[in-house]
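Presented below is the structure to which this report refers.
The values are calculated or read from the model by the stated rules, or taken from the named source; none is laboratory data. Model, not experiment: these values are computed from the prediction. Reconstructed Cβ throughout: ideal geometry from the backbone, glycine too, with neighbour counts over all protein chains shown.
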Ligand SMILES: CC(C)(COP(=O)(O)OP(=O)(O)OC[C@H]1O[C@@H](n2cnc3c(N)ncnc32)[C@H](O)[C@@H]1OP(=O)(O)O)[C@@H](O)C(=O)NCCC(=O)NCCS
């Protein structure tokens, strides 16, 4: 039986691809990080893949049936590709199909894109073997936490720690704080403060920002809390917790989100405490596999 690889996806086939991916995402032994779970939002996400949209997809078929999918999304600053997948049907040969998908999909990447990441649920059956075979190295896992933003969101006392929207005068200082706290991240400080997220909330004391949190509304309507940071000298006084509480209210009341999620390194005890104190619970653990770079 030969595996056919398809690059130019017929738009009429997109719903079938999205259904295939949604079924895979629902299974922890197949789940891949950062791809949505519902067919509708997966279709939107695939259409918005940077820079090629659905042109970044490689679909594998056997006798016309979809048996595998791999999607590429990349940036040139940093020159990094995030793979969505590979996904392989349970009754297909995971080694053969996944290897064929990657072999074809890397040819989509411009030569300057030298860094690659794949990321999957820690219960995934064969991803670690696939990653090792292709020279990817496993790095520290992150927990995916979520919480709903319904009526049970605790009222927040604004008087305890005032959290405000970022104003222009604080931009440079917040960007510098972000670069100090999150080195080697995909969104550097200058980009974060100039529209890199839907909302940036800050705590200002004595005229200087001591902490900030970034939130956005994703294509599927869920809130995403992307960055939370408190200046080292201001940590341990409840600022982080106040920022997360304010972020939850902003996502519910300002951005209209009914639920929110985030990822946090499994070893980041202070951050995990802050999120647990704010009602977040663990949904899964994701392991990143990186090639051409490392995030210590
Ligand atoms: C995570 C962070 C924002 C927390 O900010 P903060 O203002 O110190 O948070 P809070 O004071 O509200 O709460 C800190 C909690 O962690 C606990 N904590 C602090 N240091 C700890 C440690 N080394 N081990 C265990 N718990 C610790 C505190 O006791 C407190 O928990 P409690 O309220 O149950 O007592 C801050 O540590 C930070 O900026 N870290 C670097 C950036 C980062 O990792 N951000 C999160 C990315 S997901």
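Residue count for the range 158-177 under the criterion of being under 16 Å from residue 198 (Cα atoms), part of a helix (DSSP H, G or I) and within 25 Å of the chain's Cα centre (by Cα): the result is 3.
Sub-9 Å Cβ pairs linking a first residue in the range 230-251 that is farther than 24 Å from residue 220 by Cα to a second residue that is more than 8 Å from the ligand (Cβ to nearest atom) and assigned to a helix (DSSP H, G or I), at least 6 apart or interchain, are 230/177; 231/177; 231/180; 232/180, ordered by first then second residue.
Residues are listed down the side, and each one gets a yes or a no for (1) within 11 Å of the ligand (Cβ to nearest atom); (2) over 18 Å from residue 154 (Cβ atoms):
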| site | (1), (2) |
| --- | --- |
| 255 | no, yes |
| 258 | no, no |
| 268 | yes, yes |
| 277 | yes, no |
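Scanning the range 177-188 for any residue that is more than 14 Å from the ligand (Cβ to nearest atom), within 29 Å of residue 47 (Cβ to Cβ) and in the same structural domain as residue 268 (by TED's automatic domain parsing) turns up at least one such residue. A single entry from 20, 87 fulfils the requirement of being in contact with a strand residue (DSSP E or B) (Cβ under 6 Å, 6 or more places away or on another chain), buried (at least 20 other Cβ atoms within 10 Å of the Cβ) and over 24 Å from residue 138 (Cα atoms): 20. Looking only at the range 133-158, which residues are outside the structural domain of residue 245 (by TED's automatic domain parsing) and free of Cβ contacts under 8 Å to residues at least 60 places away in the same chain? The one that is outside the structural domain of residue 245 (by TED's automatic domain parsing) and free of Cβ contacts under 8 Å to residues at least 60 places away in the same chain: 133. Does at least one position in the range 46-60 carry a residue that is assigned to a loop (DSSP other than H, G, I, E, B) and more than 25 Å from residue 218 (Cα to Cα)? Within the range 46-60 (the criterion being assigned to a loop (DSSP other than H, G, I, E, B) and more than 25 Å from residue 218 (Cα to Cα)), the answer is no, since none of the residues qualifies. Checked against (1) in a strand (DSSP E or B); (2) within 18 Å of the chain's Cα centre (by Cα), residue 124 passes all but condition (1).
So for the range 219-227 (the condition being within 16 Å of the ligand (Cβ to nearest atom), within 23 Å of residue 149 (Cβ to Cβ) and at pLDDT below 95), does at least one residue qualify? For the range 219-227, residues within 16 Å of the ligand (Cβ to nearest atom), within 23 Å of residue 149 (Cβ to Cβ) and at pLDDT below 95: present. A single entry from 143, 98, 131 fulfils the requirement of being assigned to a helix (DSSP H, G or I), closer than 23 Å to residue 184 by Cβ and at pLDDT 95 or above: 131. In a residue-by-residue description of the range 106-125, the property of being out of contact with any strand residue (DSSP E or B) (no Cβ under 9 Å at 6 or more places or on another chain) and over 28 Å from residue 189 (Cα atoms) applies to at least one position.
One line per residue, one yes/no per condition, for (1) buried (at least 23 other Cβ atoms within 10 Å of the Cβ); (2) within 6 Å of the ligand (Cβ to nearest atom):
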position	(1), (2)
241	no, yes
247	yes, no
261	no, no
264	no, yes
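The set of residues in the range 1-19 being modelled with pLDDT of 95 or more and out of contact with any helix residue (DSSP H, G or I) (no Cβ under 9 Å at 6 or more places or on another chain) consists of 16 alone.
Among the residues of the range 249-259, those that are surrounded by fewer than 17 Cβ atoms within 10 Å (Cβ to Cβ) and not in a helix (DSSP H, G or I) comprise 256, 258, 259. Here 161, 204 are screened, and the one residue that is in contact with a helix residue (DSSP H, G or I) (Cβ under 9 Å, 6 or more places away or on another chain), outside the structural domain of residue 41 (by TED's automatic domain parsing) and within 12 Å of the ligand (Cβ to nearest atom) is 161. All told, residue 35 falls short of being crowded, with 18+ Cβ neighbours inside 10 Å and at pLDDT 95 or above. On inspection, residue 191 does not qualify as more than 8 Å from the ligand (Cβ to nearest atom) and crowded, with 16+ Cβ neighbours inside 10 Å. Within the range 197-233, the set of residues being surrounded by 17 or more Cβ atoms within 10 Å (Cβ to Cβ), more than 14 Å from the chain's Cα centre (by Cα) and not in a strand (DSSP E or B) comprises 198, 231.
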